[in-house]
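Written out below as structure tokens is the structure these notes cover.
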Amino acid sequence: MSNTPFSEGIQSGRLKPAELAENFGDLHPRLDDHEALVAADRCYFCHDAPCMTACPTDIDIPLFIRQISTGTPEAAAKTIFSQNILGGMCARVCPTETLCEEVCVREVAEGKPVEIGRLQRFATDVLVETGEHPFERAEATGKKIAVVGAGPAGLSAAHRLAGYGHDVTVYDARAKAGGLNEFGIAAYKSVDRFAEREVEWLLKIGGITVETGKALGDGLSLEALQGEFDAVFLGIGLGGVNALGVDGEDKGGVDDAVDFIADLRQAKELGTLPIGRDVVVIGGGMTAVDAAVQAKLLGALNVSLVYRRGKDRMNASEFEQDLAASKGVRIITNASPKAVIGNGSVREIEFGYTDDNLNPTGQTVRLPADQVFKAIGQTLEGAGLPDLERGKIAVDGTGRTSVEGIWAGGDCATGGDDLTVTAVAEGRDAAEDINAQLSA
């Protein structure tokens, strides 16, 4: 007998293939040609556009929307890619509702912004699907740069450096390039192998070699890289996961949300993925929401997302919170985990209620759970790294670290918010500084 959402324990095949296909369809389908023209027509093409100021990669948003409105989406895409070479993925996962669209003049005046994110996706998809690459590699310089980490920051840096004619070798610990874009984004945000196809397209600039299965401390050392290359860029992300620090955390069924999301993204058949009947996700960021929503979409009967602070303090955007609620996820705030309860495997998890200052109120609640996902932040892993600050690699505004010849960017560095678009900007800007120093 096949499993259903009511089946006890952690089971696969809770939903039929057709249901899974519908659940994991594209969250925001691409605009068609007519829809894109209508959406572009709403833009005022502001001279001092606040949307540009709010974009971490400084894309000329009014220009690319005007190019769409004049029927030249390929030109619009080049405008986007000149600032953000991963503009296709950023259009899918960037929280535009709290960045460019939040400050759109239309949003301020009418409460309905220009759909900048969907217009960006339209333009970039049109160009990428042609298979053509809009940038040409400069004449070879003979300089060699190592990029450690094939995520958004590393790929952005590699592309910009290759464009200047440098030879770039990108190393990554996993079997595939892409970083969080490939392994850490909800499946319904990036369908049809888009992350993988975007990397293949990006590499068409030439001059970039990707070597997988290599990480610092496991086949690579900074000292050796410095001896072989003219510069090193670190985009290694955050590989460790914070512990709950409560009794029973080591029981069966208590897993890391990032691993769950990675397994889901790499699964060939969603129906083979096991999921609990009663799932509890602990955390308040995008990873927590992605894990909770996907648990529900896989067929979990009850999914609760529990966060220790108030709803207004959650790192997940209001849109993401509303998305979770719309999918049937129960959001519980001001509750901190106290103990994981069960005989070998989790059966319940106890939380203590707190006030806004995290002071216990004395009230507790137990939630039934046969599966618990931890999404309470990640930590930097690695020995022999440049100087750290607040648990990350300390960098200046150009991405330079405390070690001469080594730059860093993305989640592993202190540069900015933990967003894909920010990582892309940091990789790009570090590449500009590396090129300037190598060209001096």
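The values are calculated or read from the model by the stated rules, or taken from the named source; none is laboratory data. Since we're looking at a predicted model, the values are computed, not measured. No Cβ is skipped: glycine too gets one built from the backbone with ideal geometry, and neighbour counts run over all protein chains shown. Ligands, DNA and RNA are stripped out before the accessible areas are found, and what is left, the full protein with its side chains, is counted by its heavy atoms. Shrake-Rupley method; radii C 1.70, N 1.55, O 1.52, S 1.80 Å.
The set of residues in region 21-41 being among the aliphatic types (A, V, I, L, M) and under 22 Å from Lys268 (Cα atoms) consists of Ala21, Leu27. Being touching a helix residue (DSSP H, G or I) at 6+ places or on another chain (Cβ under 8 Å) and not hydrophobic (A, V, I, L, M, F, W, C) is a property that holds for Thr57. Answer yes or no as to whether Glu74 is open to solvent by 20 Å² or more (accessible area, probe 1.4 Å) and over 21 Å from Asp48 (Cα atoms). For Glu74, the condition - open to solvent by 20 Å² or more (accessible area, probe 1.4 Å) and over 21 Å from Asp48 (Cα atoms) - is met. Might you check whether a residue that is over 13 Å from Thr333 (Cβ atoms), open to solvent by 10 Å² or more (accessible area, probe 1.4 Å) and touching a Gly at 6+ places or on another chain (Cβ under 8 Å) occurs anywhere in region 286-301? Yes - at least one qualifying residue is present in region 286-301. Checked against (1) basic (Lys, Arg); (2) touching a residue at least 40 places away in the same chain (Cβ under 8 Å); (3) assigned to a loop (DSSP other than H, G, I, E, B), Arg197 passes all but condition (3). When Val114, Val93, Val148 are screened for being of a type in the set (Val, Ile, Thr) and more than 20 Å from Leu27 (Cβ to Cβ), only Val148 passes.
Please tell me if Glu97 is at pLDDT below 95, in contact with a helix residue (DSSP H, G or I) (Cβ under 8 Å, 6 or more places away or on another chain) and open to solvent by 50 Å² or more (accessible area, probe 1.4 Å). Considered against the rule, which asks whether it is at pLDDT below 95, in contact with a helix residue (DSSP H, G or I) (Cβ under 8 Å, 6 or more places away or on another chain) and open to solvent by 50 Å² or more (accessible area, probe 1.4 Å), Glu97 comes out as yes.
Residue-level check: of (1) open to solvent by 60 Å² or more (accessible area, probe 1.4 Å); (2) touching a helix residue (DSSP H, G or I) at 6+ places or on another chain (Cβ under 7 Å); (3) part of a helix (DSSP H, G or I), Ala21 misses just (2). Considering only residues that are open to solvent by 60 Å² or more (accessible area, probe 1.4 Å), in contact (Cβ under 8 Å) with a residue 60 or more places away in the chain and either under 27 Å from Met314 (Cβ atoms) or in a helix (DSSP H, G or I) (or both), which ones fall in region 370-416? Selection gives Ile376, Gln378, Glu381.
Exactly one residue out of Tyr307, Tyr353 is open to solvent by less than 40 Å² (accessible area, probe 1.4 Å) and free of Cβ contacts under 8 Å to residues at least 40 places away in the same chain, and it is Tyr307. Evaluating Lys112 against the criteria (1) open to solvent by 20 Å² or more (accessible area, probe 1.4 Å); (2) part of a helix (DSSP H, G or I); (3) without any contact (Cβ under 8 Å) to a residue 40 or more places away in the chain leaves one unmet condition, (2).
Within region 118-141, the set of residues being assigned to a helix (DSSP H, G or I) and open to solvent by 40 Å² or more (accessible area, probe 1.4 Å) comprises just one member, Arg118.
Of everything in region 214-225 that's under 25 Å from the mean Cα position of the chain (by Cα) and open to solvent by 50 Å² or more (accessible area, probe 1.4 Å), which residue is farthest from Glu381 (Cα to Cα)? Only one residue tops the list, namely Lys214. Only one of (1) surrounded by 13 or more Cβ atoms within 10 Å (Cβ to Cβ); (2) modelled with pLDDT of 95 or more is not met by His28, so which one is it? Only one criterion is unmet by His28, namely (2).
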